[in-house]
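K.L.:
Please read through the structure below; I'll follow up with questions.
The values are calculated or read from the model by the stated rules, or taken from the named source; none is laboratory data. None of the values given here were measured: they were computed from a predicted structure. Using ideal geometry, Cβ is built from the backbone for each residue, glycine included, and neighbour counts are taken over all protein chains shown. Areas reflect the complete protein model, heavy atoms only, side chains present, ligands, DNA and RNA absent. Shrake-Rupley method; radii C 1.70, N 1.55, O 1.52, S 1.80 Å.
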Amino acid sequence: MRKELTMKKVIYVCLITFTLIAAGCKTPVSLQVEPKEVSLYDKDATTTLKVKAFDKNNEELKKVKYEFISENSSVATVDATGKITAKGSGETAVQVRSKKLTETVSVKVNIVETIKLELPLAGVFELQGPEKSVHKLVVTAKNEKGQDIDLSLLKFSSSDNNIATVNEKGEITLINDGKVVITAGLGKKKGSIEIPVIVLRPSAVKVDSPRFSINVGETAYLPFKVISTKGTPLFDFPVNVSFEKDGIATADTVGRVTGIARGTTKVTITAGESSNTITLTVR
């Protein structure tokens, strides 16, 4: 009986040993590294790679040892856990190794030193224009080496979208009168500008000549100007053009008319709540 129990123990120990040896003999045939690309924008900013190893049956292996190597430690370093740390602007790569397997992660570092926002016209400290008019900021961003940073990386925001909005290109759309702060940021660095906004709304439609003539097939601009609440012309301000008689001419939203058939009609030009009339003759 004792010999039988001893033999069972020996068999049990052998099975356990074989199982452990078999598990330890599984060899990784592929590595999965995330992310494939790393971008860092602050000195000593970090991110940690996530690495998985798989065997020939595509089963994930545990307790696999990895080696991490930075090709340029002046740009970014990497420690034994896969944590990448930004050191200086530039590009490098981090190799992830396990036995004969290697995966490479590209690393781009742009340590933002300055972000500057300016209005498009020198000496002008406010934005004026019709509602929904678009104005592009002058934006510069540089790294610690004085090199330009790709502006498409910047994230723009407005302090009050009811006054003005801003898109990813730094283009501001005027909505209402007031003051707004536009901010551009990348990493922890931000640049901002406070902008007074004056929305110019139409107060009158001024007609240069009460009568206007064109030929059939001819296209021309009606002789009028839209005047703002500041007394200044609003160029290309969208208007509504209506005809007393149909079929004589057509018009677009900037007051450009095309003669269709001979005749005379009154034309009403409306901008906002203001309007005026011209007599149009098509010859």
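K.L.:
Could you tell me the relative contact order of the stretch 54-179? Use alpha-carbon pairs under 8 Å, at least six residues apart, and round to a whole percent.
P.N.:
It comes to 16 percent, rounded to a whole number.
K.L.:
Now, a different point. Can you pull the semi-axes for the stretch 31-84, root of five times each eigenvalue of the Cα gyration tensor, sorted largest first, whole Å?
P.N.:
Sorted largest first and rounded, they come to 25, 11, 9 Å.
K.L.:
Scan the chain and report its longest stretch carrying no chymotrypsin sites (Phe, Trp or Tyr not before Pro) that are both in a DSSP loop and have at most 15 other Cβ atoms within 10 Å.
P.N.:
1-124
K.L.:
Semi-axes of the equivalent ellipsoid of the stretch 133-283: what are they in whole Å, largest first, if each equals the square root of 5 times a C-alpha gyration tensor eigenvalue?
P.N.:
Three semi-axes, in Å: 45, 17, 11.
K.L.:
Here's a follow-up. Roughly to the nearest percent, how much of the accessible area of the stretch 50-125 is carbon and sulfur, given a 1.4 Å probe?
P.N.:
So the carbon and sulfur contribution to the accessible surface is 48 percent.
K.L.:
Sticking with this one: Roughly speaking, what is the stretch gain from GLU113 to GLN32, that is 0.36 nm per residue apart minus the C-alpha to C-alpha distance, in nm to one decimal?
P.N.:
Full extension of this stretch gives 25.7 nm more.
K.L.:
Taking only Cα atoms, what is the 0 to 90° angle, nearest 10, from helix 2-24's long axis to the longest principal axis of the chain?
P.N.:
Taking the Cα atoms of the chain, the angle to 2-24 is about 30 degrees.
K.L.:
Can you tell me the alpha carbon radius of gyration of the chain divided by the globular rule-of-thumb value 2.2 N^0.38 Å?
P.N.:
Ratio of Rg to 2.2 N^0.38 Å for the chain: 1.88.
K.L.:
If you don't mind, there's one more thing I want to ask. What FRET efficiency, computed as 1/(1 + (r/R0)^6) with R0 = 51 Å and r the Cβ-Cβ distance, is obtained for LEU101 and ASN162, rounded to the nearest 0.05?
P.N.:
0.35
K.L.:
Given an 8 Å cut-off on Cα distances and at least 6 residues of separation, report the relative contact order of the chain as a percent.
P.N.:
Contact order relative to length: 11 percent.
K.L.:
Students often check this: by mean Cβ neighbours within 10 Å, which of 29-38, 183-192, 103-112 ranks highest, and how do the rest follow?
P.N.:
103-112, 183-192, 29-38
K.L.:
In the Gaussian network model of the chain, springs joining C-alpha atoms below 10 Å, which of ILE248, ILE269, ILE195 carries the largest mean-square fluctuation?
P.N.:
Top of the fluctuation ranking is ILE248.
K.L.:
Right, another one. Under Stokes-Einstein, with the Kirkwood radius over Cα pairs standing in for Rh, what whole-number D in µm²/s applies to the stretch 25-149 at 10 °C and 1.306 mPa s?
P.N.:
Approximately 91 µm²/s, per Stokes-Einstein.
K.L.:
Taking only protein heavy atoms and a 1.4 Å probe, what accessible area per residue, in Å², does the chain have with all protein chains in place?
P.N.:
Per residue, the chain has 61 Å² of solvent-accessible surface.
K.L.:
Then there is this: Springs between alpha-carbon atoms under 10 Å, Gaussian network over the chain: tell me which of ALA93, ALA220, ALA271 tops the mean-square fluctuations.
P.N.:
Looking only at ALA93, ALA220, ALA271, the biggest GNM fluctuation is shown by ALA220.
K.L.:
Filter LYS179/LYS206; LYS116/LYS169; LYS155/LYS189; LYS36/LYS63; LYS63/LYS108; LYS62/LYS100 down to the pairs with a C-alpha to C-alpha distance above 19 Å, please.
P.N.:
LYS179/LYS206; LYS36/LYS63; LYS63/LYS108
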